[in-house]
Amino acid sequence: MRGRSQQVPLFAIALAAVGAAIFVLPVAGLLWRASVTDVWRSLSAPAVRTSLWLSLVCSISATSCAIVFGLPLAWIQARLDFPGRALLRGVTMLPIVLPPVVGGVALLFAFGRRGLLGSWLNDYFGVQLPFTTTGAVLAETFVAMPFFVLTAEGALRSVDRRLEDAARTLGAAPWRVFSRVTLPLIRPSLQAGAILCWARALGEFGATITFAGNFPGRTQTVPLAVYLALESDPDAGVVLSFLLLGLSLAVLVGLRRHLWDAL
């Protein structure tokens with residue numbers, strides 16, 4: 001049976017309309033300002049194609065790192081009880097509320113040439129992360145991985161443990177229980193977390209420019225190119241913003257069923 005429609009007070013509708021306008025008007029303004037001619041003209045520029053390609057490479061790489069390292073971290077935080085778990089969870093979620101520029105400074109003190117770990121990497125292995133493409137991936141992973149960990153941990157906590165216990169009772173090894181029972185149950189949430197992680201990595205600006213710099217062809221992703229273009233070529237900056245908006249919106253709309261069902 002179809003439920004009866006609920007009557008909503010007029011003031012609630014008005015407030016909701018203002019709230020929706022906060023999201024709709026900036027998008028509408030960007031669509032109004034961008035033109036098809038400017039889009040094609042800017043896309044033909046080699047610098048734009050390079051920054052777009054670099055953004056895709058860095059964001060996908062950061063998402064992959066978040067899945068590889070974030071899933072075990074989420075499992076430990078969800079399933080193991082140990083001293084300092086609350087502190088570990090707080091530190092893991094810190095990049096969500098931390099100003100991105102502060103995150104970039106923290107990365108410099110950790111992985112810079114004179115940083116906590118960076119000096120050791122430089123002295124013994126000759127590895128330098130700041131102002132490199134790898135550094136851009138690291139910065140995006142730092143700010144984006146909490147979204148995946150948060151989603152995965154919530155999914156792991158909501159799994160019916162009796163199903164896992166039944167599989168163990170039947171003689172399944174721990175890895176088989178995880179791959180055949182737990183993983184299929186949490187797959188929609190993992191997909192949603194990966195989408196959120198990728199979207200955050202694609203739009204990352206502050207930590208990237210602080211830790212990796214803004215070097216065309218090496219660390220200049222689309223958000224950094226937008227910042228630079230708005231000073232020298234505003235039309236190109238609008239087009240790049242339009243590209244980011246369209247790409248992000250297309251992914252969110254295309255995968256809306258997996259995203260909303262998991263969340």
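The values are calculated or read from the model by the stated rules, or taken from the named source; none is laboratory data. If you're wondering where the values come from, they're calculated on a predicted model, not measured in any experiment. Neighbour counts are summed over all protein chains in view; Cβ atoms, including those assigned to glycine, are modelled from backbone coordinates with ideal geometry.
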Query - Filter result (hydrophobic (A, V, I, L, M, F, W, C), over 22 Å from Ala106 (Cβ atoms) and either without any contact (Cβ under 8 Å) to a residue 60 or more places away in the chain or surrounded by fewer than 21 Cβ atoms within 10 Å (Cβ to Cβ) (or both)) within the stretch 209-232 - result: Val226, Leu228, Ala229, Leu230
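Name the residues in the stretch 44-99 that are of a type in the set (Gly, Ala, Ser) and either within 30 Å of Ala225 (Cα to Cα) or in a loop (DSSP other than H, G, I, E, B) (or both), would you? Show your work before the answer.
From the stretch 44-99, those of a type in the set (Gly, Ala, Ser) are 44-45, 47, 51, 55, 59, 61-62, 64, 66, 70, 74, 78, 84, 86, 90; that's our starting set.
Listed by number, the residues that qualify are Ser44, Ala45, Ala47, Ser51, Ser55, Ser59, Ser61, Ala62, Ser64, Ala66, Gly70, Gly84.
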Query raised in the report: Between a first residue in the stretch 141-161 that is more than 20 Å from Pro95 (Cα to Cα) and a second residue that is charged (D, E, K, R), which pairs have beta carbons less than 9 Å apart while being 6 or more apart in sequence or on different chains?
Result: Ala155/Arg187; Leu156/Arg79; Arg157/Arg79
**Report entry** Boolean, Leu52 is in contact with a Phe, Trp or Tyr (Cβ under 8 Å, 6 or more places away or on another chain) and of a type outside the set (S, T, N, Q)
**Finding:** no
Report summary line: When Ile22 is run through (1) of a type in the set (Val, Ile, Thr); (2) modelled with pLDDT of 95 or more; (3) loosely packed, with under 14 Cβ neighbours inside 10 Å, the failure sits at (2)
Report task. Write out, first by first residue and then by second, each pair whose Cβ atoms fall under 8 Å of each other, whose residues are 6+ apart or on separate chains, and whose first residue, in the stretch 233-250, is surrounded by 15 or more Cβ atoms within 10 Å (Cβ to Cβ) and modelled with pLDDT of 75 or more while the second is aromatic (Phe, Trp, Tyr) and assigned to a helix (DSSP H, G or I). Result -> Gly237/Tyr227
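Hey, among Gly193, Gly206, which residue is under 20 Å from Met93 (Cβ atoms), out of contact with any strand residue (DSSP E or B) (no Cβ under 6 Å at 6 or more places or on another chain) and surrounded by fewer than 19 Cβ atoms within 10 Å (Cβ to Cβ)? Show your work before the answer.
Values: Gly193 fails: surrounded by fewer than 19 Cβ atoms within 10 Å (Cβ to Cβ).
Of Gly193, Gly206, the one residue that is under 20 Å from Met93 (Cβ atoms), out of contact with any strand residue (DSSP E or B) (no Cβ under 6 Å at 6 or more places or on another chain) and surrounded by fewer than 19 Cβ atoms within 10 Å (Cβ to Cβ) is Gly206.
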Report summary line: Arg218 fails exactly one of (1) more than 16 Å from the chain's Cα centre (by Cα); (2) in a helix (DSSP H, G or I); (3) within 14 Å of Ser55 (Cβ to Cβ); (4) among the charged types (D, E, K, R), namely (2)
Requested in this report: State whether the residues of the stretch 51-70 include one that is among the small types (Gly, Ala, Ser), in contact with a Leu (Cβ under 8 Å, 6 or more places away or on another chain) and free of Cβ contacts under 8 Å to residues at least 60 places away in the same chain.
Outcome: no
Query raised in the report: Here are some conditions: (1) farther than 16 Å from Glu153 by Cα; (2) loosely packed, with under 14 Cβ neighbours inside 10 Å. Phe111 meets all but one. Which one does it not meet?
Result: (2)
